[in-house]
Structures are given as structure tokens and as C-alpha cells.
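The values are calculated or read from the model by the stated rules, or taken from the named source; none is laboratory data. Given the structure is predicted, the values throughout are model-derived calculations rather than measurements. In this analysis, Cβ positions are derived from the backbone assuming ideal geometry, glycine residues included, and neighbour counts consider all displayed protein chains.
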Amino acid sequence: MLIETVESKSVLETDLCVVGGGAVGLSIARLLADSGLEVTLLEGGGRTYDEASQELYVGLAEGTVLPYKSAYLTTSRLRYLGGSTNHWQGWCRPLDPVDFEPRSWVPESGWPITAETLQAYDDRAAELAEIGPFRAPQAGQDEEGTTARERWRRLFPPGTGFETSLIHISPPTKFGERYAPELERAEDCRLHLNASVVEIVTDEHGGRVEHVEVVGGDGQRYKVRARAFVLATGAIENARLLLASNRHEAGGVGNRNDLVGRYYMDHPFLDAAFVVLPHRRRVMHQYAQDIERPSGEQVRAIIRPDDELQRTEKLLNSLAVLQLVEPRDAPDLARDVKAISQDLTELVSRSKDETPRAAYFAFARLAGEQVPNPDSRVMLGDETDALGMPRPHLDWRLGEQDAESVRRTMSLLAARLGWSFRGRLRLLVNAEDPWPNATGSNHHLGTTRMSDDPRRGVVDADCRVHGVSNLWVGGSSVFATGGASNPTFSLLSLTVRLAEHLRGVLTR
Amino acid sequence: MSDDLPRVDFPEEGSRGPSDESRIAGVSRRRFMASVGTLAGLVLLPACGPSQESLALGRRLIEVLPTGDAWRRVGEIYLQSDPPESGVEALIDSLLSDLGWDPAAGTAEELETQVTKRVRRDFHEGHTVEVQGWVLSATEVRLAAIAAQV
């Protein structure tokens with residue numbers, strides 16, 4: 001039910017208090033609606049966009065590639081019911097198995113759970129994102145649900161080091177519009193709007209959360225006590241709230257090892273290469289636009305170095321889509337290189353008695369993984385917001401290994417295209433200019449990373465904050481490494497898993 | 001760039017190694033020059049620049065390329081970068097050495113086959129050159145540079 005008003009100085013009691021009404025918070029409340037538990041969901045914003053609410057996201061942002069600087073904090077997220085799903089693209093793809101592995105060439109890599117652990121929750125995550133059954137291949141399909149006809153259209157055959165994979169396109173589901181109405185009807189759910197949590201208050205030892213301090217829409221302050229709390233406000237706000245909750249411990253809640261806010265990651269996104277690809281139109285377009293599969297599902301094809309190539313070449317994960325370019329807009333030499341490529345393709349085709357194909361120009365738009373970096377972090381700024389909370393200070397840093405991996409991946413792609421006569425590639429990155437035209441992907445990752453070891457992570461494998469018995473964290477802030485996939489799908493799988501875990505803990 | 005592709009079976013590659021090709025190509029080019037000289041009679045070579053024989057051989061090499069203008073433009077850009085290997089004769093020597101194609105006895109069809117095989121192999125072994133960022137095989141670039149000068 002929707003809680004319209006709360007008196008000032010009230011103390012509300014509930015079983016589970018979820019802070020944040022975005023994809024994670026709404027999903028947890030929905031998943032536990034039949035549990036018999038009373039769930040209180042506190043959303044800082046209202047039903048729709050509001051300038052005053054959004055202004056609470058203002059802060060200082062700096063970093064290696066932030067062309068829009070501090071605007072990153074306000075343009076990359078939305079502070080109202082449904083959170084950033086109100087402006088997401090709907091791209092769903094799980095993290096890859098290699099993302100979970102400890103990798104000798106990636107410092108601080110390795111999750112305490114495996115890809116298989118999360119895959120068990122993928123179908124329910126897919127339901128939440130409204131992309132249909134995800135891991136239930138039909139006859140004639142491979143494990144990704146790809147048919148032989150679709151495989152025939154791939155740029156790279158299996159075993160070439162690069163592979164085509166599919167992004168599944170959500171409508172995109174706006175979680176507030178889609179799921180809040182049923183929560184408002186649910187008897188055991190208490191939905192508070194314009195309810196900003198400004199402090200997590202623990203016992204004096206910091207080992208258990210007693211309540212959260214809330215500022216309501218009319219400025220009234222109240223407390224919510226609960227048996228368990230879930231922090232689900234996104235990677236920047238999760239860190240900010242934990243750091244700012246320093247009543248008993250100077251570093252904030254769950255921060256005895258000075259890890260909260262560190263290891264902030266995003267996916268640097270850039271035009272890493274320009275490619276000439278002699279292929280059929282239908283092959284090319286699946287990488288450049290959403291296409292409808294025979295099942296009616298919307299998908300987009302991406303190119304990625306497969307897990308094995310990443311291991312052998314010590315690459316970071318990445319994926320690329322294509323942006324087709326009209327020939328007249330192609331850069332210098334592109335048409336000449338196209339002619340050279342086609343000459344050679346023709347020589348090869350002649351011997352195979354095949355008709356030469358048309359060629360297309362495109363930018364390879366790459367989203368890359370970054371190495372977890374403790375100095376890339378969310379901190380508390382010097383200024384405070386209208387609610388008296390320190391504003392966030394984000395320092396998003398990329399390193400040399402991140403840049404080198406992009407260059408190396410594109411060089412390997414150039415080699416594959418060349419020897420297979422599948423095209424030619426122009427590198428748009430080099431050592432002198434490693435991040436031309438790069439931006440972030442608005443994927444906020446890390447800051448409360450997952451590890452079994454409290455010295456290496458803020459939360460454990462169950463997403464519970466180390467050293468705090470009744471506080472869990474949801475969302476991509478728990479990602480130990482970021483992979484290259486858009487994070488929403490995997491964070492939903494994590495959310496389903498967390499909801500199951502909480503159900504077990506609280507109904508025992 | 002040093003791309004090795006350990007997991008990829010290199011298709012259509014013969015068993016002959018690079019050292020064999022170099023030996024065969026070196027001998028073949030000398031034999032070709034001798035045959036050209038015999039056919040054309042005594043030729044006075046200019047004091048500098050490529051010989052007529054080299055130019056003729058260069059033109060013969062690029063005849064297999066359907067779109068000569070594109071190759072020439074790429075070659076011109078490459079040559080503007082002051083590369084270590086730029087003279088027609090040196091380029092032809094390197095090319096024939098890599099191709100293992102005998103100008104005196106080889107046919108155009110055989111040359112086409114050898115060019116495509118060598119381009120594959122260049123990419124496979126990382127013998128690539130960047131021209132304005134374009135990653136091209138060494139063989140492609142040599143052909144382009146020859147095309148720009150003959």
C-alpha cells in the first residue's frame with residue numbers, strides 16, 4: 001500500500017526495509033510480496049521527475065574520461081520511482097563466465113560466486129525485464145537460443161577468437177510504472193514516496209543496523225526500524241549513504257577496511273575502430289540495429305573477444321556494436337582500403353567460385369571492462385545538499401591496462417578480419433590518445449564490492465555487509481568486476497537471488 | 001603488432017616455410033632478370049631509380065589487382081611516411097621473397113593465389129603495417145607502394 005503521510009518523529013516497525021525504489025528495490029518488494037513478510041520500501045523521489053529531487057544528486061565528478069564532468073552525476077541517473085530504469089536503453093545481457101573468475105592479469109578479480117550461481121536466477125530476471133524465457137533453448141537452438149540460420153549470419157565462425165553474442169532488448173521496462181501499482185495493492189508492502197534516507201544508524205559497535213533516519217516530503221523526520229535492511233540506491237548513493245552514516249564509526253557503516261566507495265567502475269565507451277566489412281546487408285544490420293527474431297524477440301548482435309581469447313591474450317572483457325556510416329561520410333582512405341579488401345576478396349572468391357559481396361563502413365563502438373582500481377572512488381564532498389547530507393565526490397579513473405586492452409583487442413580484431421578476408425580495420429586508439437571520443441556508459445559499478453574476505457570487499461557472497469549482521473546491499477555496486485555487459489540484467493539476477501536469501505533468513 | 005593466433009587453424013597454408021620461400025624467390029628473381037635481359041637485349045640502366053626491368057616486373061605484379069588506383073593512393077600515403085623499405089627494387093625483392101612466386105615460370109593465377117595466401121599469413125603472423133591507422137598486411141602495403149611507383 002502507498003503510505004501517504006508519516007507524522008514527524010514517528011518510529012515505524014517493519015520486517016524488511018528496502019532503501020531505494022529502483023529496479024532492485026521494487027523487484028525485491030515484488031518478489032517477497034507472497035512471503036508473509038512486511039516490506040517497507042523507501043523511495044527518495046516521487047512518482048515523476050522533479051527538479052528539487054534530482055538536485056540532490058548534484059556533486060563533484062572528475063576522472064579520466066568525463067567530457068560532461070559533474071553533469072555525469074545527474075544525467076546518468078534519475079531520482080524518482082523506478083530510478084534509472086526510467087531512462088535505460090533496455091539492453092540485457094548477463095555477465096560472462098570469465099567475468100567471475102580470478103584472472104592473474106586482472107588485479108582484484110574474482111567473485112565469490114560463479115556464473116552458474118547466477119544463471120539459476122536468469123529466467124526470473126528475464127521475467128522482470130520482460131524479455132521472455134532466457135535460458136530455455138528450443139529444438140535447433142544453441143545454449144543462447146541461436147538457430148542455425150542465425151549462426152550462418154555471424155561475422156565470425158566459432159573458434160576464431162571473436163564471437164557474436166546477443167543482447168536481449170527489454171521494452172524497456174520502467175520498473176516504477178510496471179511494478180509499483182501492484183505493490184500499492186499488496187497488503188504487506190508499505191511504499192513511501194519522497195522518503196529520503198539520510199542516515200543508517202547502527203548500534204554503537206556498528207554490528208547491527210537499528211534504524212534508518214528518513215526525511216519525508218514535507219521535511220518531517222522519522223525512523224524506520226526493521227529486522228533487516230537492504231540498501232538499493234545505486235553504486236554512488238549506496239557508498240555515499242554508508243560513508244555519511246558515521247555516527248559511531250568515523251569511516252561510516254561497513255567501512256572498517258576503508259573499502260566503501262572504492263573500486264568505482266563504469267564501462268568506457270568509445271569508437272575504437274573504423275571497419276570496412278564486405279558482407280551481406282542482413283549480416284551487417286544485426287550488429288547495427290535491433291532486429292526481430294522469428295520468435296518475435298528483439299535482439300542486437302554484438303562482437304566480443306570470447307572468453308578463451310581473453311584468457312590467452314590477457315585481455316579485459318569488451319563488446320562492440322557497429323554504427324554504419326554512409327560511404328560519403330567515410331574517412332580518408334576508407335574507400336581505397338575497401339577497394340583493396342574487395343580486390344583480395346574477389347581473388348579468393350574467384351577460386352571458390354563465389355560472387356564478391358558488397359562492403360559496408362562502420363564505427364566499432366566498444367564498451368570495455370576496466371580493472372578494479374581502489375583509487376577510482378566515491379567520496380564525500382565538502383558541500384552538503386538540502387537535506388544536510390554531504391554531496392558525492394566521484395573520481396572515476398581509468399588506467400593504462402584499460403587502454404592497452406582496448407588497443408590490443410582492436411589489433412586482434414584487425415588481424416582476424418584480415419586473415420579471414422572479412423574486412424579491414426582502422427585503429428582509432430593509440431598510446432598517445434588512448435581515449436578519443438570516450439565517455440562513460442552510465443553503468444555505475446563497484447563501491448561495495450563482493451568478496452568473501454572483508455579486507456577485499458564490503459559485502460559477502462550473499463550481499464550482506466561484512467561485520468553488519470542485518471544489512472544487505474543490492475545492485476551493481478556489489479560487482480567485484482564489471483565485465484562489459486550492460487549491468488541491469490545481472491543485477492536483476494543478483495536481486496532475485498538476494499530476495500530468496502532474505503526470504504530464507506527472515507522466515508526461518 | 002605481434003598477433004599470433006594459437007587457436008586458429010590457418011587455412012590453405014602449404015607446408016613450405018618462410019626460409020624455403022626466400023631461397024626460391026631470390027633465385028627466381030635473378031633468373032627472371034636474366035631472362036628479361038636475354039629477351040630485350042642489352043639494356044642501359046639509368047644512373048639512379050628503378051631499372052626498366054624492375055618497373056616492368058612491378059607492373060606485372062600489380063596487374064593482378066583489379067583496382068589499381070586505390071592501391072596507388074594507399075601506396076602514396078605509405079611512402080609519404082618515409083618508410084624504411086620504399087624503393088621499387090627493394091619492395092619487389094621483399095615481395096617475391098615472401099610470395100615464393102617465380103616470375104620467370106609463374107602464371108598470373110599462381111601469383112593471385114600466392115598473394116592471397118601471403119596476405120592471410122601476414123595477418124596471422126602479425127606482419128602488418130599501419131597506414132593512417134589502417135591495419136594492412138605487409139604484402140598489401142608492398143604491392144600498394146609498388147603500384148604508386150610504376
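Taken together, the residues in segment B:80-92 that are farther than 13 Å from residue B:143 by Cβ and either surrounded by 22 or more Cβ atoms within 10 Å (Cβ to Cβ) or in contact (Cβ under 8 Å) with a residue 12 or more places away in the chain (or both) amount to 5. In the condition set (1) more than 18 Å from residue A:415 (Cβ to Cβ); (2) more than 11 Å from every other protein chain (Cβ to nearest Cβ); (3) among the hydrophobic types (A, V, I, L, M, F, W, C), residue B:111 is compliant with all but (2). Here A:250, A:232, A:244, A:288 are screened, and the one residue that is surrounded by 22 or more Cβ atoms within 10 Å (Cβ to Cβ) and not basic (Lys, Arg) is A:232. Only one of the listed residues (B:95, B:99, B:143, B:136) is more than 14 Å from chain A (Cβ to nearest Cβ) and crowded, with 22+ Cβ neighbours inside 10 Å. That residue is B:95. For segment A:292-299, the count of residues that are of a type in the set (A, V, I, L, M), modelled with pLDDT of 95 or more, outside any loop (DSSP other than H, G, I, E, B) and within 25 Å of the chain's Cα centre (by Cα) is zero. I'd like to know if segment A:437-460 contains one or more residues that are crowded, with 24+ Cβ neighbours inside 10 Å and closer than 29 Å to residue A:279 by Cα. Checked segment A:437-460: no residue is crowded, with 24+ Cβ neighbours inside 10 Å and closer than 29 Å to residue A:279 by Cα.
Residues of segment A:253-276 that are part of a loop (DSSP other than H, G, I, E, B) and buried (at least 24 other Cβ atoms within 10 Å of the Cβ): A:253, A:254, A:255, A:259, A:260, A:261, A:263, A:264, A:266, A:267, A:268.
Take residue A:210 and tell me if it is under 25 Å from residue A:5 (Cβ atoms) and of a type in the set (D, E, K, R). Yes.
Residues in segment A:410-456 that are of a type in the set (Lys, Arg) and assigned to a loop (DSSP other than H, G, I, E, B) were compared, and the one that is farthest from the other protein chains (Cβ to nearest Cβ) is A:455. Checked against the criterion of being in contact (Cβ under 8 Å) with a residue 60 or more places away in the chain, among the polar types (S, T, N, Q) and assigned to a helix (DSSP H, G or I), segment A:383-403 has at least one qualifying residue.
Taking the conditions exactly as written (out of contact with any Phe, Trp or Tyr (no Cβ under 7 Å at 6 or more places or on another chain), within 12 Å of chain A (Cβ to nearest Cβ) and part of a helix (DSSP H, G or I)), does residue B:122 satisfy them or not? Judged against the criteria, residue B:122 is a match. Of the residues making up segment B:44-68, those that are surrounded by 11 or more Cβ atoms within 10 Å (Cβ to Cβ) and either modelled with pLDDT under 80 or at the interface with another protein chain (Cβ under 9 Å from one of its Cβ atoms) (or both) are B:45, B:49, B:64, B:65, B:66, B:67.
Matching residues to (1) farther than 30 Å from residue A:70 by Cα; (2) buried (at least 22 other Cβ atoms within 10 Å of the Cβ); (3) charged (D, E, K, R):
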site	(1), (2), (3)
A:299	yes, yes, no
A:316	no, yes, no
A:325	yes, no, no
A:349	yes, no, no
A:383	no, no, yes
A:386	no, no, no
A:391	no, no, yes
A:394	no, yes, no
A:400	no, no, yes
